[in-house]
Each structure stands twice: as structure tokens, then as C-alpha cells.
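Colleague: Just dropping this structure here.
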Amino acid sequence: MKKIILFLFIVFSQSTFSAAKITETEKLFATCKVWGFLKYYHPKIAGAEANWDKQLLEKLPKIEKAQTKEEFSLILENWIDDLGPIPEIAPIAVPKDVKFFDKNFDLSWFNNKLFSKKLSKKLKFIEENRFQSSEEFEYGFDGLKYVKNYFDLDYTTKGSRVLMLFGYWNLIEYYFPYKYVMDQKWDLSLEQSLPLIADAKSEADFYLALKKLTSKLNDSHVNTPIYGTKAAGRGLNYFPATGKIIEEKLVITEILGDSLAEAANIKIGDVITKINDKTVKEIIEENRDLICASNEASFLDKVVPIILRSESENVAVEFLKDGKYETKTMFWSDYHDSHRNEFKKGAIKPKEKFKVLDNNIGYVDMGAIKPRHIPDMINALKSTKAIVFDMRNYPNDTWKQISDFLNAEEKKFCDYTEPYLKYPGRYQWVDGRKCGFDNKDHYKGKVIVLLNEDSISQSEWTAMCFQTAGNTTIIGSQTAGTDGNAIDIDFKGYHTRYTGLGVYYPDGRETQRIGIVPDIEVKPTIKGIQEGKDEVLDRALLFVETGR
């Protein structure tokens with residue numbers, strides 16, 4: 001009797017489980033994975049023989065009606081079958097010279113609990129008989145060639161929002177080299193985004209959900225666009241200066257609008273503690289899931305412009321001066337008014353490209369110097385005992401000329417990982433770049449490179465190049481931690497970007513999120529800024545004289 005009861009219980013439980021309803025998020029999650037996989041793997045879809053976006057929009061209503069995993073799985077099976085037979089080919093051989101980097105690669109989801117065994121086998125068969133791209137990876141590869149029509153989508157409709165999410169999520173899934181160093185699994189980010197995207201009541205809600213999703217990349221190349229009517233910054237008003245976050249306060253480091261700053265008595269070194277009754281710390285935390293950054297240093301750098309802009313012209317700002325708090329209501333100006341030229345960095349006072357400091361020490365502003373200036377720079381600084389390359393900015397593609405001057409011989413300074421297009425989602429190692437040549441007349445003095453959170457991408461890559469000189473010392477603080485080319489993505493009303501190549505030191509050390517690690521760490525202090533000091537440069541000059 002007990003055996004009969006146990007048998008009936010097992011049968012009842014199995015039938016109940018089999019008929020269990022599945023949620024919309026579960027269905028859309030699994031559909032996104034399958035749709036993206038077929039987009040890049042199925043010979044017909046990857047070969048652009050069908051309008052894959054249109055097919056998704058047609059299938060979504062059927063998927064929404066599916067009540068059980070059996071119904072859902074059958075829809076996907078039939079969808080694949082409708083694409084036609086896939087020729088079975090001989091096992092695809094990997095060239096002997098290909099060395100895979102597989103920290104991003106995982107197709108274990110084929111065994112999703114919602115999939116029938118038949119569907120899982122179909123997916124595996126497609127992987128083994130996948131589309132073989134005839135294209136070679138190029139530095140400018142955008143991975144987005146099948147979604148250019150997303151400009152035309154109407155994001156007030158649910159299907160269009162889901163389509164864009166699927167397109168973007170799968171682009172990152174298969175073509176983002178640093179997926180493996182995200183704080184959060186990309187699958188979880190999809191799961192969290194789906195209900196926000198599906199239920200968005202307006203375009204603004206939709207763009208906000210996308211912004212939250214992009215922040216999960218932990219990649220400082222990813223920008224944080226202003227969505228909706230503020231897409232180009234129109235209608236926003238700005239504080240007439242910029243600064244840095246130090247000790248959870250905003251310290252003014254540069255005046256951008258002279259007349260506006262003078263009218264409000266704003267000076268370098270002023271300390272802001274509140275904006276409209278919100279502390280700087282509170283504003284920082286409010287933007288945690290809206291700003292994409294590789295590390296905390298980059299995040300704090302990116303949050304400053306957000307703190308210093310407002311939709312209102314009249315803004316209450318609390319300052320800390322001489323140990324006392326003082327609040328004043330300020331006039332913040334529209335960037336596009338008559339003061340716009342003042343807001344443009346460097347428009348008022350041209351920067352010196354290079355010079356000789358006291359004690360025969362050379363100084364080069366890497367953000368100002370351009371290739372045409374390098375011969376004069378070399379001639380002026382070749383006899384100095386040290387050269388300080390200030391790279392707390394963005395260089396102008398001068399790495400080759402300068403590194404040829406610094407190096408005694410040719411050296412490799414980086415290796416890359418790039419997409420292996422014949423097996424989407426997999427990356428391969430490729431030789432990176434070299435610098436220098438056999439040069440007996442190379443620079444013999446000390447080489448100092450100044451870096452901080454403003455050192456991003458080409459700055460970091462160039463610093464890696466200069467490190468090959470052998471007598472190079474990095475001084476400053478953590479860099480932005482986003483090394484590689486930036487790939488731009490433009491959709492209707494929305495712009496974003498991400499890093500497309502993986503960049504590593506020749507010994508395999510990572511730079512993404514970590515940045516270029518300083519040999520001597522120095523950060524500006526509030527006191528130093530108020531006293532008009534450049535504490536990072538001062539430390540570099542001390543190192544030149546003392547060797548420590």
C-alpha cells in the first residue's frame with residue numbers, strides 16, 4: 001500500500017511540475033539567449049539571409065501566451081525548424097596558431113531548465129555546425145552590423161523595447177572582452193532589466209532602464225547619456241567650475257566660467273558640501289547604478305559633472321570655509337548661452353606643450369603636445385636629467401615618436417585579445433604593439449609619468465608603452481582602468497559605447513579595471529589645492545632629486 005501511495009505521489013508531482021507555469025521574465029530571458037545565439041551562430045541568420053529582428057517581433061506574442069515550459073520550448077523548436085535544415089559539416093578545425101582566451105565563453109545555458117532535451121540538442125548541433133565568417137577582425141569592428149535599423153524602432157511599444165534590449169545584451173554577451181571582470185554576472189543583469197524594459201511607461205523610463213543596464217559593464221569607456229529631452233544637454237545649467245571628490249566633498253580645482261565664478265565669488269580650493277540640501281555623499285550614492293565606471297576613482301570623476309549641473313538656474317550651494325558652513329543661492333548658467341566659450345576647457349589660456357623646469361628637468365603636457373611638436377620637444381629636452389610626462393589628460397597619438405626617443409631597442413609593451421569571429425563569444429590572443437628601435441642616441445635621463453583618474457584608454461596604453469624604457473617611474477593615483485578601443489553605439493535617442501579589445505601586459509597582467517598601477521602613489525589634498533600646489537608634480541620633482 002505504501003509503495004502504491006509513493007508511486008502515485010511521484011507521478012502527481014511530476015505532472016504538476018511539468019505543467020507548472022513559467023513567468024514572463026523566465027521566457028524572455030531564455031528567448032534572449034536563444035535569439036542572440038542564433039543571430040551569431042545559425043548559418044542562415046548569421047549569413048544575413050533573414051530579417052531576424054522582424055522574426056523576433058512576430059514571435060514575441062506567441063511566446064507571451066505560452067503557459068508551460070513545454071509550450072514555450074516547442075515554440076523555439078519550431079522557430080529553429082522553420083529556418084530550414086542546417087548542413088552537417090565535418091568537425092571544424094581550429095588553426096594551430098590560434099590561442100584562445102575563454103574567460104568570457106560559456107554555452108552551458110543550452111541545458112536551461114525550460115528547454116526540452118530536443119531543443120538543447122538542436123542548439124548543440126548548431127554550435128557544432130555554426131556559421132563560418134569569412135571576415136577578419138578589424139580594429140574598428142563594431143559587432144553591430146545587424147542592428148543599424150534600431151534608429152527606426154518605436155520604443156513606446158513593448159516589442160521594440162525588448163528587441164533593442166536583446167540586441168544590446170547579446171552584443172555585449174559575445175563581443176565585450178571584459179565581461180569576465182564585471183562585478184555582476186551579465187545573465188543576472190539581463191534578468192533584472194527585463195521587467196524594467198518590458199513595463200516601461202515612457203521612453204524616459206526605457207532609457208533609464210538601459211542606463212542602469214549599461215552601468216553593469218564596469219567599463220569606464222561606457223558613457224552615461226542624458227536621456228529624453230536632455231539628450232544634448234540643452235536646458236541644463238552648470239556651476240561655473242569643476243573639481244574633484246576628496247573626503248566625500250567636492251573641491252573646486254578649475255574655473256570654467258570666469259565672469260560667473262567672479263560674480264559668485266567662487267575660487268579654486270572652495271569646498272562644496274551640499275547642493276539643494278543634499279550632501280555630496282548623498283548625490284554620489286544616488287548615482288551608483290547610473291554611472292558606468294571601471295573603478296571607484298573613475299566613478300568619482302564621472303559623478304562630478306552630474307553634481308555640478310541642474311535643471312534650475314537658481315541653486316542652493318553649501319560651502320565649507322574656515323571650518324564654517326555657508327549656504328548661498330547661486331545663478332547657474334545654460335552651457336549654450338553667451339558664456340559658452342568660457343566653459344570650454346583651455347579656450348582662454350593656451351597650455352604650454354613642453355618646457356624646462358628648474359634644476360634641468362623637462363616637462364611635457366601630453367594633452368597639449370601633438371606629433372608635429374615632438375621634434376622640437378626632443379631637441380629642447382634631450383639634455384635634461386629627467387623628463388616628466390604629464391598624462392593626467394588624453395594624449396594626441398604621440399606614443400610612437402616619444403617611445404622611439406626613450407627606448408634603446410625595440411620592445412613589445414602589450415598583447416591583445418580580440419573576437420574570434422568563427423566562434424562567437426570566444427576570444428583569441430594576438431600580438432600587440434611594439435615601440436622603440438635600436439637607438440644609441442636614446443634619452444638617458446629619468447622618465448616620470450604622471451597619472452590619475454583622468455588618465456583613460458589611450459593615456460593608459462601610452463603609459464604602458466613608456467614603461468618599456470626601463471628607467472620609467474609612474475607617479476600619481478589609480479587610472480580609469482579602461483584599456484582598449486572604444487566602440488560607439490547609436491540608437492534612436494540613445495548613445496553609448498564599450499571597450500572592444502582586451503589589452504594586457506606582455507606577461508598577461510590585466511589593466512582593465514585595475515588601471516596602470518603607480519610606483520609612487522600621490523593624491524591631491526584639500527589643503528594642497530587651496531594652497532595652489534600640484535602635489536603630484538611636486539612629488540615627481542622630489543623623486544628626481546632624491547631617487548625615492
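Colleague: Which value in deg cm²/dmol, rounded to the nearest 500, describes the helix-derived mean residue ellipticity at 222 nm for the chain, given -39,500 (n - 2.57) per DSSP H run of n ≥ 4 and division by the residue count?
Modeller: That comes out to -10500 deg cm²/dmol.
Colleague: Limiting things to C-alpha atoms, what are the Rg and the maximum Cα-Cα separation (Dmax) for the stretch 164-209, in angstroms?
Modeller: Both quantities, over Cα of the stretch 164-209: 11.5, 33 Å.
Colleague: Return the Rg/Rh ratio of the stretch 373-442 with Cα-based radii and a Kirkwood Rh.
Modeller: Answer for the stretch 373-442: 1.14.
Colleague: Right, here's the next one. For the peptides 466-476, 311-321, 160-170, what is the packing order when you average, over each peptide's residues, the other Cβ atoms within 10 Å and list the highest mean first?
Modeller: 160-170, 466-476, 311-321
Colleague: Arrange the residues D488, D390, D519 by how much accessible surface each exposes, largest first, with a 1.4 angstrom probe.
Modeller: D519, D488, D390
Colleague: Given charges of +1 on the Cβ of Lys and Arg and -1 on the Cβ of Asp and Glu, with all other atoms neutral, how large is the dipole of the chain about its Cα centre, in debye to the nearest 20?
Modeller: That gives the chain a dipole magnitude of about 1120 debye.
Colleague: Select one label from (i) 62; (ii) 46; (iii) 38: the one whose number is percent of Cα pairs over 36 Å apart as derived from the coordinates shown.
Modeller: It is the value labelled (ii).
Colleague: If you don't mind, there's one more thing I want to ask. Relative contact order of the stretch 188-325: what whole-number percent is it, with Cα pairs under 8 angstrom and at least 6 residues apart?
Modeller: 27 percent
Colleague: Where the accessible area of the stretch 179-322 is counted over protein heavy atoms with a 1.4 Å probe, how much of it, in %, is carbon and sulfur?
Modeller: Here carbon and sulfur together make up 47 percent of the probe-accessible area.
Colleague: Let me ask something additional. For labels at R372 and E410 in the simple 7 Å Cα→Cβ model, what's the distance in nm?
Modeller: With each label placed 7 Å out from Cα toward Cβ, I get 3.0 nm.
Colleague: So, for the stretch 347-428, what is the accessible surface per residue at a probe of 1.4 Å, expressed in square angstrom?
Modeller: Using a 1.4 Å probe on heavy atoms only, each residue of the stretch 347-428 averages 45 Å².
Colleague: Determine by what factor the alpha-carbon radius of gyration of the stretch 390-548 differs from 2.2 N^0.38 Å, reporting the quotient.
Modeller: 1.17
Colleague: Relative contact order (percent) for the chain, with alpha-carbon contacts under 8 angstrom and 6 or more residues of separation?
Modeller: Relative contact order, the chain: 14 percent.
Colleague: Place a point 7 Å from the Cα of T23 along the Cα-to-Cβ direction; which residues of the stretch 157-190 have their backbone N under 14 Å from it?
Modeller: 188-190
Colleague: Label L107 and D488 with points 7 Å out from Cα along Cα→Cβ: what is the distance between them in nm?
Modeller: 3.4 nm
Colleague: Continuing with the same structure: Starting from the 7 Å offset along Cα-to-Cβ, what nm value, one decimal, do you get for the label separation of D431 and D183?
Modeller: It is 4.0 nm.
Colleague: From Cα pairs below 8 angstrom and at least 6 apart in sequence, can you work out the relative contact order of the stretch 338-463, rounded to a whole percent?
Modeller: 25 percent
Colleague: Turning to a different aspect of this structure: Which order do R433, R372, R309 take when ranked by solvent-accessible area (1.4 Å probe, heavy atoms of all protein chains), largest first?
Modeller: Of R433, R372, R309, the descending order of accessible area is R372, R433, R309.
Colleague: Among 288-297, 445-454, how do they line up from the highest to the lowest mean number of other beta-carbon atoms within 10 Å?
Modeller: In decreasing order of mean packing, 288-297, 445-454 become 445-454, 288-297.
Colleague: So if we plug the beta-carbon distance of V356 and D199 into 1/(1 + (r/R0)^6) with R0 = 56 Å, what FRET efficiency do we get, rounded to 0.05?
Modeller: The value I calculate is 0.35.
Colleague: Which whole-angstrom value gives the distance between the alpha carbon centres of the stretch 237-310 and the stretch 421-443?
Modeller: Answer, in whole Å: 39.
Colleague: OK, next. For the peptides 84-90, 351-357, what is the packing order when you average, over each peptide's residues, the other Cβ atoms within 10 Å and list the highest mean first?
Modeller: For the peptides 84-90, 351-357, the packing ranking is 351-357, 84-90.
Colleague: Put +1 on the Cβ of every Lys and Arg and -1 on every Asp and Glu Cβ in the chain; which of A297, G159, F115 then has its Cα farthest towards the positive end of the dipole?
Modeller: Going by the Cα projections, it comes out as F115.
Colleague: May I ask you to rank W332, W399 by accessible area, largest first, using a 1.4 Å probe over the protein chains only?
Modeller: Descending order: W399, W332.
Colleague: Follow-up question, since we're still on this one. At a probe size of 1.4 Å, how large is the accessible area of R392, to the nearest 10 Å²?
Modeller: Ignoring ligands and nucleic acids, R392 comes out at about 50 Å².
Colleague: Same structure, new question: What share of the DSSP beta bridges in the stretch 429-531 is antiparallel, in percent to the nearest 5?
Modeller: 50 percent
Colleague: Let me ask something additional. How large is Rg/Rh for the stretch 261-342, to two decimals, with Cα atoms and a Kirkwood Rh?
Modeller: Reported Rg/Rh, Kirkwood definition of Rh: 0.98.
Colleague: Y505 accessible area, nearest 10 Å², 1.4 Å probe?
Modeller: Here the residue's solvent-accessible area equals roughly 20 Å².
Colleague: Could you pull the accessible area for W429 with a 1.4 Å probe, rounded to 10 Å²?
Modeller: 70 Å²
The values are calculated or read from the model by the stated rules, or taken from the named source; none is laboratory data. Not measured: the values here are computed from a predicted model. Methodologically, a virtual Cβ is constructed for each residue, glycine included, from the backbone with ideal geometry; neighbour enumeration extends over all protein chains shown. SASA here: full protein model, heavy atoms, side chains in, ligands and nucleic acids out. Shrake-Rupley method; radii C 1.70, N 1.55, O 1.52, S 1.80 Å.
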